[in-house]
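Enquirer: Got a structure here, written out as structure tokens. Questions coming.
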There are 2 protein chains.
Amino acid sequence: MAKEKKLVEQITSMDEDFAKWYTDICKKADLIDYSSVKGCMIIRPYGYAIWENIQRILDTRFKELGHENIYMPLFIPETLLNKEKDHVAGFAPEVAWVTHGGSEKLTERLCVRPTSETLFCEHYANIINSYRDLPKLYNQWCNVVRWEKTTRPFLRSREFLWQEGHTMHATAEEARAETVQMLNVYADFHENDLAIPVVKGCKTPSDKFAGAEDTYAIEALMHDGKSLQAATSHYFGDGFARAFDIKYTDKDNKPVHPHQTSWGCTTRMIGGIIMTHGDDRGLVLPPAVAPIQVIIVPIAAHKEGVLEKATEVKNALAAAGIRVKMDDSDQSPGWKFAEYEMKGVPLRIELGPRDIENGQCVAVTRHDGEKHFVSLEGIDTTAKELLEAVRSGMFAKALANRERRTYVCHTLDEVNEALKNGDGFVKGMWCGEEACEDRVKEVTGIGSRCVPLEQEQLGEVCMCCGKPAKKMVLWARAY
Amino acid sequence: MAKEKKLVEQITSMDEDFAKWYTDICKKADLIDYSSVKGCMIIRPYGYAIWENIQRILDTRFKELGHENIYMPLFIPETLLNKEKDHVAGFAPEVAWVTHGGSEKLTERLCVRPTSETLFCEHYANIINSYRDLPKLYNQWCNVVRWEKTTRPFLRSREFLWQEGHTMHATAEEARAETVQMLNVYADFHENDLAIPVVKGCKTPSDKFAGAEDTYAIEALMHDGKSLQAATSHYFGDGFARAFDIKYTDKDNKPVHPHQTSWGCTTRMIGGIIMTHGDDRGLVLPPAVAPIQVIIVPIAAHKEGVLEKATEVKNALAAAGIRVKMDDSDQSPGWKFAEYEMKGVPLRIELGPRDIENGQCVAVTRHDGEKHFVSLEGIDTTAKELLEAVRSGMFAKALANRERRTYVCHTLDEVNEALKNGDGFVKGMWCGEEACEDRVKEVTGIGSRCVPLEQEQLGEVCMCCGKPAKKMVLWARAY
């Protein structure tokens, strides 16, 4: 019991200090560790297993849509990075530079890729010749480096893992359709697999990706009322194609620049899972990406028949394709409960002598702590139903939090008044001027997150300057 | 026909220029492309799909044996790299150094990981406390960088992809058993999945991994008679544990240094596949890792019923879990034959109107060019049997090449005489002195590859100095 108590005591309450609560979970749930490499993190097996599940689901979807995986070099020569002017301006301040190989100084500096548009463009210039070569639908799973000043596990680290899709299309229409299609893939993945409700939108011009014509993003509201940009999808037009001299001959034998997209999501999503679903007992994982979906804890395991029955249940669940673990170690049940709650295992099954006598077990759903007394007969089907109930319950809970924290405002005074209830999404009209974005930030502390694709007509005028409004914008403080 | 002819002409014959034949295949089979990043390669979708299949098979085996995946930082601070003296001496001359982040000079240089022993050790020092924490069985799939002077696709490039297992054990016995177990995993994978016969052995002291007590390797003989080190497995003893102050308290509450292993294999294996199985018509892929296992080419596809039947066959094979593709493009059958031969697809199914009338199809096995007339009934089972026949046929062919090129020699004169027949494996006795290894190399051009685990007593004396022999060594020229 001493150890159990210690475990629970070790977590800061999220209401007391949300940032500390967050890093506590990262450490105590064995997701990450620090090292002597400043600003970088070690992703420990339990954290990495979440990432592997994310990869598997997304990779399958990408491939179903015709994308192929590829691997590009880690390094980008400085001259290559400099080819597209907006792009280099955006990234040069935050790249790591390799200057020496062994004991020799390099004749040209190489940056460690912060993103790979330039490498893909150079390759596309080599392999795209005819309209028959299009579209090219490539994706890469890899590590990237951005030299951030302040870092936090998963949310912002100097090195992170991600996928970057880079596609080339014959027409602008096709490329635009791809951009939106991939935004929808990310949105569906978040809502259906991660149980995280998202808002799909377009970034304002000041917030676009370096070199993009349009940047789309999905924004998710975290438990503390701040917004997390969870994935992005960019439409580049033919800007990079012109800079890199990528051309194809169309059916009339004329040279044309193709149109381009890129889209990505990162290990940051694990931070989103923590801050959307976690609670004061630790992590709460959506079943689709949980390394362990069901933990079986035998009660009074020394009594005859308990371990046998628990093993039987484990085998039945495993055979049904459920990721299941039985903990028959010599720790107390109380310690085990706390441990797997900390690790966010969606469903716990407790099984003791009396349960077995009654042909039942106790199933506890992590996200709401509810106890379900369920029959051992058909336990595989019941467990699947419960996991689906967990998923929809987690989504509903997250959505309720978002709705509770979404404010409709018509003036900056209304914004400041609303935010007294705590951070959240503010829906407000905007005239389209960057000056108003800046002023909203200055006066209220929140910034434009995106122009939601689903627009609402909340009023006629900009909530900042009072001039005619063009769009409804989603505003929030952001990670 | 023009295009078909051109394709065939484009490959250099392997007998004419083996090195050129190799790079021709890398390019023409769409495995790689070059970029402006010197010494690094782009792994194109067809090449990367081979790597994904390799990863899937090995990753499953590692996990079945209890290993967990983890992700460590890309960078290693110079002081951390310097902690184990032999290790840094081995790697420092060939690492890439990051000296600047954005516009700022770093206070300490960071090397881009050439291997991650130092990072794993630092982490292990943090998380290993008690005998209950052991063993730790970690693995990492990642990119590494070694600043090579001369590079070749897959075989030697400045950046490559690999996995590196790093494990910690309570006793030397356990760690030694792990080292040998993982060597066997690699050997089985090569022989059963890649159809590449290998020799398992121990490196001589001069050829050990930097910091290791023992280095095991598997050596495979390539088509040109040179040896390829295909994977390695190292036993470290407690050398790193001492350097990094890693200790656990044993059951008697005494502090003890744990014992360590590491083991790895890389994208180099794709080079091994090319040079073991390829021929003058291109790549020949072992079915287990072939992105396309069966290619279906409809003949006279415009005739009634041909495409329908071909699609039916495709669906039957896909349902049986075979990676199958149908090429119904408007290229000629001859062009398609050459194209998929170049790409090394293990089995081609040709299906025309007359075949359909006869209820059969023509199945051509890539490795020997044999035509098989097989019934369309039960084509899924037949295809599986043929793929298995391809695997064993490829292994037999490679083994025959190796046996043909393996020479037993008792003196250096015999070695020089044998090598007149072409490069190959030389089996010869060795006294154990490094001076003799050097002299063998100087006089004959071949070096010690390993001390095979399966020893043969070929004679009593060293083939170089004539003093009493200790071991039979496998000698060869190497990649």
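The values are calculated or read from the model by the stated rules, or taken from the named source; none is laboratory data. Please read all numbers here as calculations on a predicted model, not as lab measurements. Glycine gets a Cβ as well: all are built from the backbone with ideal geometry, and neighbour counts include every protein chain shown. Protein only, heavy atoms only, side chains kept; ligands, DNA and RNA dropped before computing areas. Shrake-Rupley method; radii C 1.70, N 1.55, O 1.52, S 1.80 Å.
Enquirer: Please give the FRET efficiency for A:Lys38 paired with A:Glu68, using the beta carbon to beta carbon distance and R0 = 51 Å, rounded to the nearest 0.05.
Expert: My answer for the efficiency is 0.90.
Enquirer: Sticking with this one: Between copies, how close do the B:Val443 label points come, placed 7 Å along Cα→Cβ, listed in nm from shortest?
Expert: Result for B:Val443, in nm, nearest copy first: 9.2.
Enquirer: Can you give the direction-averaged projected area of the convex hull of the alpha-carbon atoms in the protein assembly as shown, in nm²?
Expert: Taking a quarter of the hull surface, the average projection is 44.7 nm².
Enquirer: Out of the GluC sites (Glu not before Pro) in the stretch B:402-479, which ones are loop residues according to DSSP with at most 10 other C-beta atoms within 10 Å? Each step should come with its number before you reach the end.
Expert: Numbers: sites: B:Glu403, B:Glu414, B:Glu417, B:Glu433, B:Glu434, B:Glu437, B:Glu442, B:Glu454, B:Glu456, B:Glu460; in loops: B:Glu433, B:Glu454, B:Glu456, B:Glu460.
Counting only loop positions with at most 10 other Cβ atoms within 10 Å, the GluC sites (Glu not before Pro) in the stretch B:402-479 are B:Glu454, B:Glu456.
Enquirer: May I ask you to evaluate 6.51 cos²θ - 1.76 cosθ + 1.60, the Karplus curve with θ = phi - 60°, for each residue of the stretch B:413-423 and list the ³J(HN,Hα) values in order in whole Hz, giving x for glycine and proline?
Expert: 4, 4, 4, 4, 5, 4, 5, 4, 7, x, 4
Enquirer: If you don't mind, another one. What list of whole percents do you get for P(r) of the stretch B:323-479, with Cα-Cα distances grouped in 5 Å bins up to the one holding the largest distance?
Expert: 2, 8, 14, 14, 11, 7, 6, 7, 8, 8, 7, 5, 3, 1, 0
Enquirer: Using only alpha-carbon positions, what ratio does the radius of gyration of the stretch B:70-215 give when scaled by 2.2 N^0.38 Å?
Expert: It is 1.17.
Enquirer: Right, next: Given the stretch B:388-479, what count of lysine pairs have C-alpha atoms under 16 Å apart, with each pair 8 or more places apart or on different chains?
Expert: 4
Enquirer: Could you pull the Cα extents of the stretch B:39-113 along its three principal axes, largest to smallest, in whole Å?
Expert: Ordered largest first, the stretch B:39-113 gives principal extents of 42, 31, 22 Å.
Enquirer: Between the DSSP loop rule and a limit of at most 12 other Cβ atoms within 10 Å, which trypsin sites (Lys or Arg not before Pro) in the stretch B:409-454 are left?
Expert: Hits after loop and neighbour filter: B:Lys420.
Enquirer: What does the accessible area per residue of chain A come to in Å², with a 1.4 Å probe and no ligands, DNA or RNA counted?
Expert: Numbers: 19110 Å² over 479 residues.
Computed with neighbouring chains in place, this is 40 Å² per residue.
Enquirer: Treat each spin label as a single point 7 Å out from the Cα along the C-beta direction, and report the A:Glu460 to B:Arg61 distance in nm.
Expert: 7.4
Enquirer: Further question: What's the FRET efficiency of B:Glu433 with B:Arg242 using the Cβ-Cβ distance as r and R₀ = 41 Å, to the nearest 0.05?
Expert: Numbers: r = 29 Å, r/R0 = 0.70.
The formula returns an efficiency of 0.90 here.
Enquirer: Further question on the same structure: Working from Cα positions, state the angle (0 to 90°, nearest 10) between the long axis of helix A:306-319 and the longest principal axis of chain A.
Expert: Value to nearest ten degrees: 30.
Enquirer: Considering amide H positions built from the backbone, and no H for Pro or chain starts, which residues 5 or more places from B:Gln360, or on another chain, come under 5 Å of its amide H?
Expert: B:Leu376
Enquirer: Near the amide H of A:Arg109, under 5 Å away, which other amide H atoms are found, from residues 5 or more places off or on another chain, if H is placed in the peptide plane?
Expert: HN-HN under 5 Å from A:Arg109: A:Glu78.
Enquirer: A further question follows. From the backbone phi of the stretch B:385-395, what are the Karplus-calculated ³J(HN,Hα) couplings (6.51 cos²θ - 1.76 cosθ + 1.60, θ = phi - 60°) in whole Hz, Gly and Pro given as x?
Expert: 5, 5, 5, 5, 5, 4, 4, 6, x, 5, 5
Enquirer: Also, I was wondering about something else. Once the label point is placed 7 Å from Cα along Cβ, list for B:Pro93 the distances to the corresponding points in the other copies, in nm, shortest first.
Expert: From this label point to the equivalent ones elsewhere in the assembly: 4.3 nm.
Enquirer: I would also like to ask the following. What per residue convex hull volume, in Å³, do the alpha-carbon atoms of the stretch B:160-241 yield? Numbers along the way, then the final one.
Expert: Values: hull volume 9.3 nm³, N = 82.
Dividing the Cα hull volume of the stretch B:160-241 by its residue count gives 114 Å³.
Enquirer: For chain B, what are the per-bin percents of Cα-Cα distances with bins 10 Å wide, up to the bin holding the maximum?
Expert: Values per bin, smallest distances first: 4, 17, 25, 24, 17, 9, 3, 0, 0.
Enquirer: What are the label-to-label distances in nm, one decimal and shortest first, from B:Thr381 to the same spot in the other copies, with labels 7 Å along Cα to Cβ?
Expert: Reported distances to equivalent positions: 3.4 nm.
Enquirer: Using bins 10 angstrom wide from zero, how does P(r) for the stretch B:1-147 break down, in % of all Cα pairs?
Expert: It works out to 9, 23, 28, 23, 12, 4, 1, 0, in whole percents.
Enquirer: With just the Cα atoms defining each centre, how far is the stretch B:314-369 from the stretch B:192-254? Give it in Å.
Expert: Their Cα centres are 42 Å away from one another.
Enquirer: Right, another one. Under a point spin-label approximation (7 Å from Cα along Cα-to-Cβ), what is the B:Glu304-A:Thr23 distance to one decimal in nm?
Expert: Between B:Glu304 and A:Thr23, the simple spin-label model gives 7.7 nm.
Enquirer: Could you look at chain B and say what percent of its accessible area is carbon and sulfur, using a 1.4 Å probe and all protein chains?
Expert: Numbers: 9070 of 19130 Å².
Taking all protein chains in place, chain B shows 47 percent carbon and sulfur surface.
Enquirer: Taking 0.36 nm per intervening residue step and subtracting the Cα-Cα distance, what contour gain separates A:Lys105 from A:Ser206 on full extension? Present the calculation step by step, with values, prior to reporting the outcome.
Expert: Details: separation 101, 0.36 × 101 = 36.36 nm, distance 3.82 nm.
32.5 nm is the gain from fully extending A:Lys105 to A:Ser206.
Enquirer: Then there's this: Using amide H atoms built 1.01 Å from N in the peptide plane, name the residues 5+ places from A:Gly278, or on other chains, whose amide H lies under 5 Å from its own.
Expert: A:Val284
Enquirer: Sticking with this one: Quantify how strongly other chains surround peptide B:438-451 by giving the mean number of their Cβ atoms within 10 Å of each of its Cβ atoms. Please report the intermediate quantities before stating the final value.
Expert: On the way: counts 0, 0, 0, 0, 0, 0, 0, 0, 0, 0, 0, 0, 0, 0.
If you average over the peptide's residues, the count of other-chain Cβ atoms is 0.
Enquirer: Just check the stretch A:407-479 against the gyration tensor rule for me: Cα atoms, a ≥ b ≥ c as the square roots of the eigenvalues, rounded for a/c under 1.5, and otherwise prolate or oblate depending on whether a/b exceeds b/c.
Expert: It comes out rounded by the Cα gyration axes.
Enquirer: Please report the antiparallel percentage of DSSP beta bridges with both residues in the protein assembly as shown, rounded to the nearest 5.
Expert: Numbers: 143 of 173 bridges.
Roughly 85 percent of the beta bridges in the protein assembly as shown run antiparallel, per DSSP.
Enquirer: Tell me the Rg and the Dmax, in Å, that the Cα atoms of the stretch A:201-343 produce.
Expert: Answer for the stretch A:201-343, Rg first and Dmax second: 25.2, 81 Å.
Enquirer: Rounded, prolate or oblate: which fits the stretch A:292-356, taking a ≥ b ≥ c as square roots of the Cα gyration tensor eigenvalues, rounded meaning a/c under 1.5, else prolate when a/b beats b/c?
Expert: oblate
Enquirer: Report which residues of the stretch B:59-87 become buried by 50 Å² or more of accessible surface when going from the isolated chain to the complete set of protein chains (1.4 Å probe; DNA, RNA and ligands ignored).
Expert: So the qualifying set is B:Asn69, B:Tyr71, B:Pro73, B:Leu74, B:Phe75.
Enquirer: Which FRET efficiency, nearest 0.05, do A:Glu403 and A:His372 yield, Cβ-Cβ r, R0 35 Å?
Expert: FRET efficiency, A:Glu403 to A:His372: 0.85.
Enquirer: Nearest 100 Å², what total accessible surface is buried between chain B and chain A (probe 1.4 Å)?
Expert: Counting both chains, the buried surface is close to 4300 Å².
Enquirer: Averaged over peptide B:44-56, how many Cβ atoms belonging to another chain are found within 10 Å of each residue's Cβ?
Expert: The per-residue average across the peptide is 3.
Enquirer: Same structure, new question: Want the number for A:Glu357 to A:Thr150: 0.36 nm per residue separation, take away the alpha-carbon distance, what's left?
Expert: 68.9 nm is the gain from fully extending A:Glu357 to A:Thr150.
Enquirer: Put a dot 7 Å past each Cα toward the Cβ at A:Asn126 and B:Glu173; how far apart are the dots in nm?
Expert: 5.4
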